Amino acid sequence: MRSLLRWNTPHSIRSFHTTLTRTSARLRAQEKIAEIDSVSPFSTVLVDNFHRRHDYLRISLTERCNLRCFYCMPSEGVELSPSENILTNEEILRLASLFVKSGVTKIRLTGGEPTVRKGISEIIAGLNKFRPYGLDSIAMTSNGLSLHRRLPELIENGLTHLNLSLDTLDEFRFELMTRRRGLHAVLRTLDVALASLPYVKLNVVVVKGLNDSEVLDFLAMTKEKPICVRFIEFMPFTGNKWDANKMIPSSELLKVISERHPDVMRAPDELNDTARTWKIPGYVGNFGFISSMSDHFCATCNRLRITADGQIKVCLFDAKEMSLRDKMRSGATDSELLATIGQAVLGKQEKHVGMQDIDVVTNRPMILIGGRRPTSLSGLKYPTSVAKSHPSQRRFNSSSAGPRLTHLDHTGRASMVDVGDKHPTKRTATASGRIYIPRVAYDLVTSTYPAASELESPSSPSPSQKAVSKARRKGDALTVAHLAAITGAKQTSNLIPLCHPLAISNISVVLLPEVSVSDSGERYSILCRATVSCEGKTGVEMEALTAVSVGLLTVWDMLKAVGGKEMEIGEIMVLEKTGGTHDFTRITETK
Ligand code: SAM
Ligand code: SF4
């Protein structure tokens, strides 16, 4: 009776309805989960100790890239893995199929720059065949530089989502940030993508003092176009000279945006999306913040990564890796591979360390989160003692008998390398170097220094005026240095005893006066860059280095009257080499 009375009160009826609604909502959710599980059961292999289900896999297709973004490429450069270390298309598809059958529903192709990988179209077509197993999204993150023509074919083959990385809408700044030209090509890709896909995400890494002034311009793009701009906090990776002062927390950007757009409002986030989404009412597109640094999203992280050389990486900021490639190549069965994947997933930490403690020493640079060991581990940056003691370094070197000097014979005497059996190939090498000069010398070569006749008392010139006119009498410093660099390159085998004489087909030299500004003030320099090409049996790095060295020495000679003791030659290095057994790319800081 008491219970009946209770049921009859309006309150009890309301709570009964609430309970009923909740129960049926729960039942509906359970039915939905059961339905999903019956189509694509989620394997425990992809569930970690913190109950996170990893249904998103990022696959790096290559370590190579046609841009050189300063925040992604280390200034020391990256040594590319030998091509045989990179996963083949078949290996990629085998791994992808294992992941999809275990519960992955979204695959993103990345890199390096994924579009520079030959066969990307076939890889996408191969992934598309996994749809019946539950794969519903095939996405790609690209810089868009060489994509506009190929995008329709990739979409035709199954690509469903595109994230374009574009940090600036200013041509000059684009070149500064990516160390290459190409803004217009990227914008063309954006147009093609908008014409073919329902929406496009734009990734913008915001760096204080560099492109933060463009945030509102990016927002303006979302007014009439289905673009989702995602402002990414600048993250630290090996060699990218990350500095807390260059990072702008998303909260600061939001403040700037809401000053201009007071009606800005929060929009629903995509499930597990790393971006927090916002919208300006009336705008077609929206924008978001990826705040990896100020507000990490580890609790909901559902992603795993496979690097281009086949390592599984469970967290972007954790240097730990396991080689699925080695397992596959040693004949592992699918279940053995799954066991390794499961082991890696179980090793995933609850969250990554705070931004000040991120291990940029052993972790890879971003460009190689999809590549071989970080440069530090391949001996370019680590102090010898650390490199020797690091277990991954030992593994890396295990197949070689230690460093060997190619110009010594077995008795240790100097000897020329016999290249008689080698086939000639087209080879190029680029080197660069810099001479730091005082302001007066800089003004002289850039012709802003007044001619002797314009000076106040030409009849009794001061010592510095005399020095200027003496330097002037020698002629145009940069033209002379340019010619000297070319002559120097041609003389390399006469100067360096064990160098082979080569039939050089081209030498191109640039000498650029530059001013860099730092906390300690302005610094003046001349950058010399030389590219040498030949059809030959050995590389032309020595020729490129000689060209640069002779060019810079000539600048010294031409300017010594005004800047002798203060000048400084340095930073001479090979930037790029192609055509030998291993291509090589080294990136220098933009100064
Ligand atoms: N090359 C492709 C591209 O640029 O879109 C794909 C690879 S790239 C490594 C993937 C994304 O990582 C890009 O959107 C890039 O802007 C971002 N990225 C690289 N280095 C970063 C850093 N230090 N901080 C924040 N984002 C970074
Ligand atoms: Fe290349 Fe890295 Fe720039 Fe992407 S972010 S375009 S991989 S340099």
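The values are calculated or read from the model by the stated rules, or taken from the named source; none is laboratory data. In this text the structure is predicted, and so the values were computed from the model without any measurement. Virtual Cβ from ideal backbone geometry, glycine too; neighbours counted across all protein chains shown. What goes into the accessible areas is simple: the full protein's heavy atoms, side chains included, and nothing from ligands, DNA or RNA. Shrake-Rupley method; radii C 1.70, N 1.55, O 1.52, S 1.80 Å.
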So, with points 7 Å from each Cα along the Cβ direction, the Ala503-Ala299 label distance in nm works out to 6.9 nm
Neighbourhood charge, 12 Å Cβ-Cβ cut-off, centred on His51 and excluding it, Lys, Arg +1 and Asp, Glu -1
+1
Any chance you could run the full-extension gain for Glu336 through Lys565? It's 0.36 nm times the residue separation minus the Cα-Cα distance, nm to one decimal.
75.9 nm
Against the empirical 2.2 N^0.38 Å scaling, what ratio does the C-alpha Rg of segment 108-194 come to?
1.15
GluC sites (Glu not before Pro), restricted to segment 198-262: which are DSSP loop and have at most 16 other Cβ atoms within 10 Å?
Glu224
Kindly give the semi-axes, whole Å and largest first, of the ellipsoid equivalent to segment 526-591, taking each as the square root of 5 times a Cα gyration tensor eigenvalue.
28, 14, 7
Segment Thr88-Leu194, length gained on full extension (0.36 nm per residue, minus Cα span):
35.0 nm
Modelling each spin label as a point 7 Å along the Cα-to-Cβ direction, I'd like the Val256/Ala244 distance in nm, to one decimal.
2.0 nm
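Can you work out the FRET efficiency for the pair Arg131 and Asn494, with r the C-beta to C-beta distance and R0 = 60 Å, to the nearest 0.05?
Taking R0 as 60 Å, the efficiency between Arg131 and Asn494 is 0.40.
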Where only protein heavy atoms count, and the probe is 1.4 Å, what is the accessible area per residue for segment 44-357 in Å²?
41 Å²
Using the Cα atoms of segment 44-357, I'd like the radius of gyration and the largest Cα-Cα distance, Dmax, both in angstrom.
19.2, 60
Using distinct alpha-carbon pairs, which all enter the 1/r mean, Kirkwood radius of segment 179-321 in Å
16.8 Å
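Could you calculate the contour length gain from Ala220 to Glu350, that is, 0.36 nm times the residue separation minus the distance between their Cα atoms, to one decimal place in nm?
43.0 nm
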Exceeding 29 Å between C-alpha atoms, which entries from my cross-link table qualify? They are Lys490/Lys560; Lys241/Lys348; Lys118/Lys577; Lys241/Lys537; Lys327/Lys348; Lys246/Lys327.
Lys241/Lys537; Lys246/Lys327
Report, to the nearest whole %, how much of the accessible area of segment 44-357 belongs to carbon and sulfur atoms, 1.4 Å probe, protein only.
53 percent
On the formula 1/(1 + (r/R0)^6), with r taken between the Cβ atoms of Arg179 and Glu535 and R0 of 25 Å, the FRET efficiency rounded to 0.05 is 0.35
Given backbone amide H placed at 1.01 Å from N, residues whose amide H is under 5 Å from that of Arg52, ignoring those fewer than 5 places away on the same chain, are none
Could you list which residues have their amide H under 5 Å from that of Leu162, counting only those 5 or more apart in sequence or on another chain, with H placed in the peptide plane?
Met140, Lys201
